[in-house]
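Visitor: Below: one structure in structure tokens.
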Amino acid sequence: MRVAPLDEDYHVHSAFSDDAESTVADNVRAATERGLRTLCLADHVRRDTGWVPEFAAAVAAYRDQSGPRVLAGVEAKILDSAGRLDLPPGLDGIDLVLIADHQFPADAGPVHPERVRAAIASGKLTAAEAIERLCAATAAALGATDRGRMLAHLFSLLPKIGLDEVMVPAPLLAKLSGQVAASGALVEVNEKWSCPSARTVAALVRAGVRVVAGSDSHHCRDIGVYRSVRLTRGRLALEAPAAACPATGEMPAGTGAPG
């Protein structure tokens, strides 16, 4: 099992996202020039997003061309503790739903990280409770769509609420990893947010989860450019070589991508 191969990018935004600059064509061209094997174009959606058919059609134009395998994805935040996703109806042509922890998924809906940080600081919520609830909502979200699923920047919320991945108890991490494996979902190692950690990746790989790389790029110049992902792969190889590649105990080198 190759962990987060560097010749793939599963998290690339286009101008369909409000905060991204490059077009679908720009992104496919950049991925082709860098020799990527897989490119997943994934843009931010909400329940009222209306451009998904146009986005899917724009991506479909590149499916049968030479170059990287091109996938269409949408990125949606977890809304609440039940794992509901901020997804619009009608996802025809979409291959992958990127499940994201942009805000804290509370019982009544998403809560801004600063409010959760304040609740922890005041003692209204313990760190352990926050971590357990986040893991439970993440697991629940895996069943919120019938499309392919990928956990995007897993645990990126924790630093925003004043916590760290190392605080996730090993049994809880193993439980979540097993739930992800049972769902068949992918997990990305995210370049932009430098997460999840090598410890988390090791637990996921031990459970049989397929771990991929994602730049979270908002401009085509950043597609397939990996620095923090390389560091995570290196740490994984050092601290858990068997998890890095169960078959050989070695971390295979990525090919074809700069960075």
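A short reminder: the numbers here are calculations on the coordinates, not readings from a lab. Fair warning: this is a prediction, and the values are worked out from it, not measured in the lab. Here the Cβ is made from the backbone with ideal geometry for all residues, glycine too, and neighbour counts use every protein chain on show.
Visitor: When the chain is treated as a GNM, springs tying every alpha-carbon pair under 10 Å, which of Asp64, Asp101, Asp43 comes out with the largest mean-square fluctuation?
Guide: Asp64
Visitor: Which of the DSSP-defined H helices in the chain satisfy a minimum axial length of 18 Å, computed from C-alpha atoms, and a minimum mean Kyte-Doolittle hydropathy of -0.5? Working shown, then result.
Guide: Numbers: long enough: 127-141 (21 Å, 0.87); 170-183 (20 Å, 0.84).
Result, helices passing both filters: 127-141, 170-183.
Visitor: Checking the cross-link filter: which lysines have an alpha carbon closer than 27 Å to that of Lys124, excluding same-chain neighbours under 8 positions apart?
Guide: Within the straight-line cut-off, Lys124 pairs with Lys77, Lys160, Lys175.
Visitor: Give the long-range amide H neighbours of Gly148: residues separated by 5 or more places, or on another chain, with amide H under 5 Å away, using H modelled in the peptide plane at 1.01 Å from N.
Guide: When sequence neighbours closer than 5 places are left aside, the close amide H contacts are Val97.
Visitor: Also: Is the C-alpha gyration tensor of the stretch 90-198 telling us rounded, prolate or oblate? Criteria: a/c under 1.5 is rounded; beyond that, a/b larger than b/c is prolate, otherwise oblate.
Guide: Details: a/c = 1.80, a/b = 1.55, b/c = 1.16.
Prolate, since a/c reaches 1.5 and a/b exceeds b/c.
Visitor: Using the Karplus equation 6.51 cos²θ - 1.76 cosθ + 1.60 (θ = phi - 60°), what ³J(HN,Hα) coupling, rounded to whole Hz, does each residue of the stretch 94-100 give in order, writing x for Gly and Pro?
Guide: Per-residue couplings from phi come out as 9, 8, 9, 9, 8, 8, 10 Hz.
Visitor: Here is a further query. What is the set of long-range amide H partners of Leu142 at a cut-off below 5 Å, with H atoms built 1.01 Å from backbone N?
Guide: Placed amide hydrogens put nothing under 5 Å from Leu142.
Visitor: Hand me the chymotrypsin sites (Phe, Trp or Tyr not before Pro) from the stretch 28-75 located in a DSSP loop with no more than 13 other Cβ atoms within 10 Å, in residue order please. Can you show the working numbers first?
Guide: On the way: sites: Trp51, Phe55, Tyr62; in loops: Trp51, Tyr62.
Sites meeting the loop and neighbour criteria: Trp51.
Visitor: Under 8 Å for C-alpha pairs, at least 6 residues apart: give me the relative contact order for the stretch 8-244, rounded to a whole percent. It would help to have the intermediate numbers written out before the result.
Guide: On the way: 489 pairs, mean separation 48.4, N = 237.
Rounded, it is 20 percent for the stretch 8-244.
Visitor: Using the Karplus curve 6.51 cos²θ - 1.76 cosθ + 1.60 with θ = phi - 60°, work out ³J(HN,Hα) for each residue of the stretch 66-81 in order, rounded to whole Hz, and write x for Gly and Pro.
Guide: These are the phi-based 3J(HN,Hα) values: 5, x, x, 5, 10, 10, 10, x, 10, 10, 10, 7, 6, 8, 7, 5 Hz.
Visitor: Report the net charge of residues surrounding Ser81, where surrounding means a beta-carbon distance below 11 angstrom and charges are Lys +1, Arg +1, Asp -1, Glu -1.
Guide: Values: positive: Arg84, Arg133; negative: Asp80, Asp107, Glu132.
With Lys, Arg at +1 and Asp, Glu at -1, the neighbours total -1.
Visitor: Multiplying the sequence separation of Asp107 and Trp51 by 0.36 nm and subtracting their Cα-Cα distance, what value in nm do you get?
Guide: Gain in length upon complete extension: 17.2 nm.
Visitor: Please say if the chain is rounded, prolate or oblate, where rounded means a/c under 1.5 for a ≥ b ≥ c the square roots of the C-alpha gyration tensor eigenvalues, and otherwise the choice is prolate for a/b larger than b/c and oblate otherwise?
Guide: oblate
Visitor: Apply the Karplus curve 6.51 cos²θ - 1.76 cosθ + 1.60, θ = phi - 60°, to the phi angles in the stretch 44-51 and return the couplings in whole Hz, x for Gly and Pro.
Guide: Calculated HN-Hα couplings, in order: 5, 10, 10, 4, 9, 5, x, 9 Hz.
Visitor: Another question, then. So which residue, out of Ala31, Ala121, Ala100, gets the largest mean-square fluctuation from a GNM of the chain using Cα contacts under 10 Å as springs?
Guide: Largest GNM mean-square fluctuation: Ala121.
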